[in-house]
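Novice: The structure that follows is given in the form of structure tokens.
The values are calculated or read from the model by the stated rules, or taken from the named source; none is laboratory data. On a predicted model such as this, the values are computed, not experimentally measured, just so you know. Neighbour counts are summed over all protein chains in view; Cβ atoms, including those assigned to glycine, are modelled from backbone coordinates with ideal geometry.
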Amino acid sequence: MKKLLVLTLVLGLSGIASAAVSLSPSETSVDLGATVTISVVSDTTDAYGGWLDLGQKLDGSWGDLQILGAAGADASKDFGFDPWWSFEAKSFNPDAPIEAGAQFTVDFTAGQTEGDVVIGLYAFDGTTLLQEATIHVVPEPMTLGLLGLGGLFLRRRR
């Protein structure tokens, strides 16, 4: 029994090391006050784990990390420390295996400040950076147009 458990653990750890994991989209723009969803995507059916660094530098808010069915029956998440999430995609249930595709999602709702938010996807060791994604928070086009018109009227008055 011990040998079977050790073999399972070794195979599980080797699967974690070989999974190709990425963030989608890797770059996106969002209007002030709007929400964008970032997904953790795997192109294999191997078990893996990692960390998300939700590097918030603006006045926005992050939602809860959601586990999708593709992450397997035994997938888990844990809020490490602000603003980090630990997550694992795994399944010991043959009826609910890990599937390739989006497996975890998190929402970012932009505040009222323009700028960039960079998200880091780290390997399970917490130090190896696998990918970064950038969210550009920009005013909606109508707001920019109104600001431009207002500037023209102010200039014309003088």
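Novice: Name the pairs whose Cβ atoms lie under 6 Å apart, with the first residue in the stretch 108-119 and of a type in the set (Phe, Trp, Tyr), the second surrounded by 14 or more Cβ atoms within 10 Å (Cβ to Cβ), and 6 or more positions between them or separate chains?
Specialist: Phe108/Val36; Phe108/Gly60; Phe108/Trp62; Phe108/Ile135
Novice: Looking at Gly49 and the list (1) surrounded by 18 or more Cβ atoms within 10 Å (Cβ to Cβ); (2) under 26 Å from Gly115 (Cβ atoms), which single condition is not satisfied?
Specialist: Here Gly49 clears every test but (2).
Novice: Which of the residues that make up the stretch 82-108 are touching a strand residue (DSSP E or B) at 6+ places or on another chain (Cβ under 8 Å), of a type in the set (Ser, Thr, Tyr) and farther than 14 Å from Phe124 by Cβ?
Specialist: Initially, the stretch 82-108 is screened for residues touching a strand residue (DSSP E or B) at 6+ places or on another chain (Cβ under 8 Å), giving 83-90, 98, 100-108.
This time we only want the ones that are of a type in the set (Ser, Thr, Tyr), so: 86, 105.
The answer is Thr105, and nothing else.
Novice: If we keep just the residues of the stretch 81-106 that are of a type in the set (Asp, Glu) and surrounded by 15 or more Cβ atoms within 10 Å (Cβ to Cβ), which is nearest to the chain's Cα centre (by Cα)? I'd like the intermediate steps shown before the answer.
Specialist: Quick first cut of the stretch 81-106, residues of a type in the set (Asp, Glu) only: 82, 88, 95, 99.
Add one more test, that the residue is surrounded by 15 or more Cβ atoms within 10 Å (Cβ to Cβ), and what stays is 88, 99.
Numbers: Glu88: 13, Glu99: 18 Å.
Residue satisfying both the conditions and the ranking: Glu88.
Novice: Further question: Read through the list (1) at pLDDT 95 or above; (2) in contact with a Leu (Cβ under 7 Å, 6 or more places away or on another chain), then give the number of the only condition that Leu52 fails.
Specialist: For Leu52, the exception is condition (1).
Novice: Okay, moving on. Taking the stretch 67-123, which residues are out of contact with any Pro (no Cβ under 7 Å at 6 or more places or on another chain), of a type in the set (Gly, Ala, Ser) and under 16 Å from Thr44 (Cβ atoms)?
Specialist: Filtering the stretch 67-123 down to residues out of contact with any Pro (no Cβ under 7 Å at 6 or more places or on another chain) leaves 67-71, 73-90, 92-113, 115-123.
Subset that is of a type in the set (Gly, Ala, Ser): 69-71, 73, 75-76, 80, 86, 89, 96, 100-102, 110-111, 115, 120, 123.
Passing the criteria: Ala70, Ala71, Ala75, Ala89, Ala100, Gly101, Ala102, Ala123.
Novice: Name the one entry in Lys77, Lys57 that is at pLDDT 90 or above, farther than 15 Å from Leu23 by Cβ and among the basic types (Lys, Arg). Steps first, answer last, please.
Specialist: Values: Lys57 fails: at pLDDT 90 or above.
Residue meeting the stated conditions: Lys77.
Novice: With the requirement that a residue be within 25 Å of Val118 (Cα to Cα) and either modelled with pLDDT of 90 or more or aliphatic (A, V, I, L, M) (or both), what does the stretch 1-26 give you?
Specialist: Listed by number, the residues that qualify are Ile16, Ala17, Ala19, Ala20, Val21, Ser22, Leu23, Ser24, Pro25.
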